[in-house]
Every structure is written in C-alpha cells, then in structure tokens.
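Worksheet: the structure to be examined is printed underneath.
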Amino acid sequence: LGYLPFDALITTPMDRFISFNTPEYLLKKYQISYAYSATLWLEMRNKKTNPTKNILAFAPAFDLPHQSIAGLKSARDSLYQLKYSNDEVNAIDDIWTADIYSNKEAHLQNFLQKSSDYNIIHLSTHGKADDRVGDYCFLAFTKTSDTLENLLYVKDLYNLKLNADMVVLSACETGVGELQKGEGILSLARGFTYAG
C-alpha cells in the first residue's frame, strides 16, 4: 500500500469513467494524510515542539552544469546543477521571510547545525533512493573543501531531532526506497518523519 497514492483513486463509477467524463478523485472529497504506523502517528500527534525560527530553505550547488533532458541519461548517477533551485527558495522568501542557504552555504554541516531550530524546512536538491538497502537513500548538499561528506542518508536522519511541523522535500525519489516487511518503505520521507 505504500506505493499506492490514495489521493489519485477515482470515486466515479467505472461506467462513467469509460465514457470519458472527468473522473472524480478521492482528493477532491477528502483531506488525505499518510502515516507509517499508528504508533508513529500518535507520537507525532502528541509531539510538543518549540522551534525558535520559522522557515529554513536550502538550495545546494553541484559541480556539473545543468543538463538538458536529453543529456540526463549520460549523467544519470552524477549530480548536476539544478537550474531553478535558487529561484525556488528565493520565491519562498518573497512570500514569507525565510533563512536561505544556497550554493556554497548549502552544505550538510549548516543543515545539521540549524535544522532543529525551524518550524518549516524546505530542501531543493537531489535525492536518490536505494530500493535494495533503504538506509542508503540520500539527499545531496554542496561539497565543501573541509569535508568529504555532502550526503544526508536515511540512517543519519534517525539520529536527528527536528522540531519542524513540515519538511518539504523538493527532490527526486524521496518517497521510494527499500520495501521492508513489517516496516514499509524505507524512504527519505519516512526518515524525516522519524526525525520529528
């Protein structure tokens, strides 16, 4: 069920759907939320947070220049520059006041040091799932000269204590990962849920 988007289910009887009428989606009738388990849902519901700041947004820089869609196949496992990442976080700052970390400032150490202070976290970056070993799904941050590590793995998220009410993962493959029996999908989204 973890791979099934309930909001996209159709509530219209099948014969009306076949007649090419606009389908009625479940999302139009109900507000839908997802939880990884009843225990975690209850824990999150009873969570008391005291973030001191409102919005934190990250837009890391990467070594490879932006690739066209045609060029993506050759750079599939490489981290190329995201063309609109900075525009995305700046648009957030235009609407609400946000603390923006972009390009060289958007490194992993800044995220780890600052993330627990914010109510909303927005990450516009690369995400990569690992459907064999879910703990190795990652989000990428800007590489710095003083550290080799620029990847935040799911296994690292379990040790974080976030006070955020919302984390926006504007990255690929953040909802997919290893399907583990009895646990569900070990994804980046699930890791952030466990982090608070």
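The values are calculated or read from the model by the stated rules, or taken from the named source; none is laboratory data. Because the structure is predicted, anything quoted here is derived from the model rather than measured. A quick note on method: Cβ atoms are made from the backbone with ideal geometry, for glycine too, and the neighbour counts reach across all protein chains shown. Ligands, DNA and RNA are excluded from the accessible area calculation, which covers all protein heavy atoms including side chains. Shrake-Rupley method; radii C 1.70, N 1.55, O 1.52, S 1.80 Å.
Among residues of the range 139-161 being touching a strand residue (DSSP E or B) at 6+ places or on another chain (Cβ under 7 Å) and within 25 Å of Lys47 (Cβ to Cβ), the one that is surrounded by the fewest Cβ atoms within 10 Å (Cβ to Cβ) is Tyr153. Residues that are closer than 14 Å to Ser170 by Cα and either polar (S, T, N, Q) or open to solvent by less than 30 Å² (accessible area, probe 1.4 Å) (or both) within the range 91-101 comprise just one, Ile92. Within the range 138-155, residues that are of a type in the set (Lys, Arg) reach partners that are assigned to a strand (DSSP E or B) and at pLDDT 90 or above with beta carbons closer than 8 Å, at six or more positions or on different chains, in the pairs Lys143/His107.
Against the definition (closer than 21 Å to Met44 by Cα, part of a strand (DSSP E or B) and open to solvent by 30 Å² or more (accessible area, probe 1.4 Å)), how does Ile185 come out, yes or no? Give the derivation first.
Numbers: closer than 21 Å to Met44 by Cα: yes; part of a strand (DSSP E or B): yes; open to solvent by 30 Å² or more (accessible area, probe 1.4 Å): no.
No; evaluated as a whole, the condition is false for this residue.
Would a scan of the range 107-124 turn up a residue that is open to solvent by 30 Å² or more (accessible area, probe 1.4 Å), more than 30 Å from Ser37 (Cα to Cα) and more than 14 Å from the chain's Cα centre (by Cα)? Scanning the range 107-124, I find at least one residue that is open to solvent by 30 Å² or more (accessible area, probe 1.4 Å), more than 30 Å from Ser37 (Cα to Cα) and more than 14 Å from the chain's Cα centre (by Cα), so the answer is yes. Scanning the range 26-38 for residues that are more than 18 Å from Ser187 (Cα to Cα) and either open to solvent by 80 Å² or more (accessible area, probe 1.4 Å) or touching a Pro at 6+ places or on another chain (Cβ under 8 Å) (or both) gives Leu27, Lys28, Lys29, Tyr30, Gln31. Do you know which of the residues in the range 162-174 that are part of a loop (DSSP other than H, G, I, E, B) and open to solvent by 30 Å² or more (accessible area, probe 1.4 Å) is nearest to Asp131 (Cα to Cα)? By that ranking, first place goes to Glu173. Only one entry in Ile55, Ile121, Ile92 is at pLDDT 95 or above, touching a Leu at 6+ places or on another chain (Cβ under 6 Å) and aliphatic (A, V, I, L, M), namely Ile121. Among the conditions (1) at negative phi; (2) in contact (Cβ under 8 Å) with a residue 40 or more places away in the chain; (3) more than 16 Å from the chain's Cα centre (by Cα), the only one that Gly184 does not satisfy is (1). Evaluate the following for Gly177: is it modelled with pLDDT of 85 or more and surrounded by 22 or more Cβ atoms within 10 Å (Cβ to Cβ)? So Gly177 fits the description; yes. Across the range 125-138, which residue is farthest from Gly191 (Cα to Cα) among those that are surrounded by fewer than 18 Cβ atoms within 10 Å (Cβ to Cβ) and among the acidic types (Asp, Glu)? Within the range 125-138, the match that is farthest from Gly191 (Cα to Cα) is Asp131.
Among the residues of the range 71-89, not a single one is open to solvent by 30 Å² or more (accessible area, probe 1.4 Å), at pLDDT 85 or above, polar (S, T, N, Q) and within 20 Å of Ala164 (Cβ to Cβ).
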